[in-house]
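No lab work stands behind these numbers, since they all come straight from the coordinates. None of these values were measured; they are calculated from a predicted model. Glycine also receives a Cβ, built like all others from the backbone with ideal geometry; neighbour counts cover every protein chain displayed.
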Amino acid sequence: MRLYAVCVYLFLYIPIGVIALFSFNAGRHASQLQGFSTKWYGKVLSNPFVMDALETSLMVAFTSALLASVFGTMAAVALQGIKGPLRTAFDLLIYVAVMIPGIVIGIATLIGLVTVFDQLNPLMAAIWPDGFVAPKLHMGMGSLIGAHTMFLMALVVIIVRARLAGMDRALTEASSDLYATPMGTFWQVTLPLIFPAILAGFLLSFTFSFDDFIIAFFVAGSETTLPIYVFASIRRGVTPEINAIGTMVLVVSLMALITAQLLLQRGGKKAK
Amino acid sequence: MEIRGYIGDASPVNNKVIAELRGVSKRFGDVLAASDLNLSIVEGEFLSFLGPSGCGKTTALRMLAGFEVPTEGEVLLDGKVVNDLDAYHRPVNMVFQQYALFPHMTVAQNIGYGLRQVRPRLPKAHIAEKVSKALDVVQLNGFDDRRIWEMSGGQQQRVALARAIVNEPKLLLLDEPMAALDRKLRKEMQIELQNLQRKLGITFVLVTHDQEEALSMSDRICVMRDGRIVQIGSPQELYDQPNSRYVADFVGTSNFFDGKITDQDGTLTSVLLDNGLTMQGKPVGQLGKGQQVCVSVRPEQMKLHRQGEGLNVVVQNRIFLGEHTEYLVMHETLGEFLVLSPRQSEPDNGPFNAGDDLLVSWASDTALIFDNI
């Protein structure tokens with residue numbers, strides 16, 4: 001049994017380890033280890049295409065994580081006041097949104113947006129004043145951020161809801177008893193107590209968005225995110241440069257995930 | 001059965017009614033949590049709602065606080081109907097069962113919370129002064145910057161108390177505030193709470209299931225059962241003149257003997273017990289001949305002796321309680337019941353031991369007869 005467990009973990013982690021190892025490869029082939037070097041990291045950082053893709057990825061991840069955190073928290077707080085079948089329906093839909101395969105979200109968002117854009121663009125062109133060029137809605141940064149926000153919001157709702165459920169209801173009652181209006185209670189009691197969960201939700205969202213390839217591939221339009229860049233360059237052959245990018249993404253993601261986990265644990269203890 | 005609230009021989013300064021429940025009922029779905037509550041709370045008194053869990057006492061308190069809206073009837077504060085007034089607009093503060101202190105604030109921040117909500121804003125110095133006075137009252141000087149989780153249970157309770165009284169509420173509501181404390185600390189806090197109430201003159205409304213707590217602290221007690229008020233009165237009235245078997249059983253201890261009324265003669269009524277014996281006692285309420293009733297005798301009204309007249313009993317068990325000794329005695333047909341003997345009488349008569357054959361007697365006018373429900 002123990003051997004079996006070890007095998008499973010090796011199977012899971014050896015490829016990742018190999019990627020990290022080969023990113024320090026001195027040779028130019030991804031399959032042959034030829035001495036230690038950090039030159040691929042230097043090459044990555046001076047590659048303008050990589051830096052452009054990184055900037056796009058960071059921009060998308062930051063914006064969509066921020067939007068998802070704000071709207072997700074609002075939804076989670078609002079859901080507190082809802083009971084009965086409506087609540088059950090919402091809960092179900094939120095879990096479905098998290099579990100649905102990325103490829104389905106990607107295709108669905110693409111089809112949905114293209115349909116809407118095709119309807120809206122002629123309409124806008126028609127009502128726009130003469131002499132000005134009507135703006136044309138198209139796939140790009142906006143659709144990328146929108147699609148990611150929708151998907152990540154469900155994640156934030158789940159994390160924040162768990163925190164809210166663990167919070168003593170008497171705390172908000174005490175606040176209300178001490179003359180605080182519902183808004184006052186939210187800002188002074190609820191928000192400070194659920195803030196670690198919101199921050200954790202933000203970090204997880206950031207990681208998910210930053211690492212996402214499938215949804216981005218469908219809705220990115222002409223934009224290139226880092227995962228899309230990696231995918232495109234693999235078709236030209238795997239170089240240690242790809243390994244270096246992968247390792248850097250891995251390290252950043254892991255740090256964000258660990259921070260999120262710590263926040264959730266600490267916040268949970270404190271509010272008991 | 002229902003008796004309207006009246007003022008006992010309590011301490012209230014004047015007889016101004018500060019809060020009132022008028023025919024108040026509360027329904028949660030199919031459950032009637034409170035039913036037709038009528039009660040006047042007098043300014044400056046210490047009133048307790050007493051009853052087992054689920055009797056509606058907490059619901060009554062939460063309707064005064066504004067956390068629950070009555071399904072029927074009116075809640076009045078200071079002469080005004082406040083049914084639709086939100087909790088945060090009511091000049092009422094509550095000490096919660098688990099204290100509900102804000103974990104992300106210091107002790108001083110917790111206590112000043114209510115004052116910080118006042119609009120237009122109070123000057124910072126004014127708040128600080130009031131907070132420090134409140135800390136003084138609950139004897140927690142110097143704890144201002146402590147975190148809540150650094151405080152013991154007893155200290156946390158004082159913080160909760162200070163956080164409520166600092167606002168000088170018209171009513172201070174206490175929801176089983178002693179439940180989380182150990183026995184010794186509970187005794188101390190009971191005395192302290194009583195002193196505090198006398199000193200501040202704030203009207204206290206306490207919810208408890210602990211009869212001892214209610215008896216020792218309250219000016220008046222409101223005994224509840226199944227969402228209804230059963231009896232309201234001073235602790236002494238409830239103890240000496242319970243209006244039902246339920247109150248006699250819940251307030252203090254009583255021995256009950258079931259039977260049927262055979263004769264009504266002046267002030268005393270005779271009851272033929274189910275096992276053939278006849279007892280006499282004072283009837284409580286309207287009782288008729290042939291009615292199923294119970295005879296209630298307090299253990300301390302019974303006297304044990306070796307000679308003379310009385311029922312023959314055998315001592316089963318003896319519990320030494322310091323000033324008193326509690327005997328569990330067995331009668332051939334009545335079964336087991338309790339007798340409480342003061343220590344002073346024992347040199348002549350006792351102490352009795354398990355297995356002793358004794359006689360037990362009591363004055364007939366100390367026995368009460370209740371409708372058997």
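Taking the Cα centre of the protein assembly as shown as origin and assigning +1 to Lys and Arg Cβ atoms and -1 to Asp and Glu Cβ atoms, the resulting dipole is close to 2840 debye. In straight Cα distance, which lysines are under 24 Å from B:Lys289, not counting same-chain residues fewer than 8 positions off? List returned: B:Lys260. Axis of helix B:124-137 versus longest Cα principal axis of chain B: the two differ by about 20°, to the nearest ten degrees.
Charge tally around B:Leu140: other residues with Cβ under 15 Å, Lys/Arg +1 each, Asp/Glu -1 each, net 0. Sites listed here are trypsin sites (Lys or Arg not before Pro) in segment B:220-329 whose DSSP assignment is loop and whose Cβ has at most 11 other Cβ atoms within 10 Å: B:Lys289. Estimated purely from DSSP H runs of n ≥ 4, each contributing -39500 (n - 2.57), the mean residue ellipticity at 222 nm for the protein assembly as shown is -14500 deg cm²/dmol once divided by its residues.
Taking a straight line from the alpha carbon of B:Lys303, these aspartates and glutamates sit under 12 Å away, with near neighbours fewer than eight places off in the same chain left out: B:Glu326, B:Glu346. Can you tally the net charge around B:Val92? Count Lys and Arg as +1, Asp and Glu as -1, for every other residue whose Cβ sits under 12 Å from the Cβ of B:Val92. Result for the neighbourhood of B:Val92: -1. Place a point 7 Å from Cα of A:Ala134 in the direction of its Cβ. Which residues in segment A:74-117 have their backbone N less than 15 Å from it? Answer for this model: A:116-117.
Let me know the shape class of chain A, please: from the alpha-carbon gyration tensor, a ≥ b ≥ c as square roots of the eigenvalues, rounded when a/c is under 1.5, otherwise prolate if a/b is greater than b/c, or oblate. Because a/c hits 1.5 or more and a/b fails to exceed b/c, chain A counts as oblate. Take the alpha carbon gyration tensor of chain B, find the square roots of its eigenvalues, order them as a ≥ b ≥ c, and report rounded if a/c is under 1.5; if not, report prolate when a/b exceeds b/c, else oblate. Because a/c hits 1.5 or more and a/b exceeds b/c, chain B counts as prolate. Beyond 20 Å in Cα-Cα separation lie the following of the pairs B:Lys130/B:Lys199; B:Lys130/B:Lys170; B:Lys16/B:Lys133; B:Lys170/B:Lys199; B:Lys26/B:Lys57; B:Lys57/B:Lys130: B:Lys16/B:Lys133; B:Lys57/B:Lys130. Of all aspartates and glutamates in the structure, the ones whose alpha carbon falls short of 15 Å from that of A:Lys83, not counting any fewer than 8 places away in one chain, are A:Asp91. Local charge for B:Ala128 was computed over the other residues whose Cβ lies under 13 Å away, with Lys and Arg +1 and Asp and Glu -1, and equals 0.
Relative to the longest principal axis of the Cα atoms of chain B, the long axis of helix B:153-165 makes an angle of roughly 60 degrees. Of the residues B:Gln117, B:Asn93, B:Gly335, the one whose Cα sits farthest towards the positive end of the charge dipole of chain B is B:Gln117 (charges of +1 on Lys and Arg Cβ, -1 on Asp and Glu Cβ, taken about the Cα centre).
Of all complete DSSP H helices in chain A, those with a Cα span along the helix axis of 24 Å or greater and a mean Kyte-Doolittle hydropathy of 0.5 or more are A:2-22, A:48-80, A:102-127, A:141-166, A:191-211, A:240-270. Along chain B, the longest continuous region that contains none of the GluC sites (Glu not before Pro) in a DSSP loop with at most 15 other C-beta atoms within 10 Å is B:3-308.
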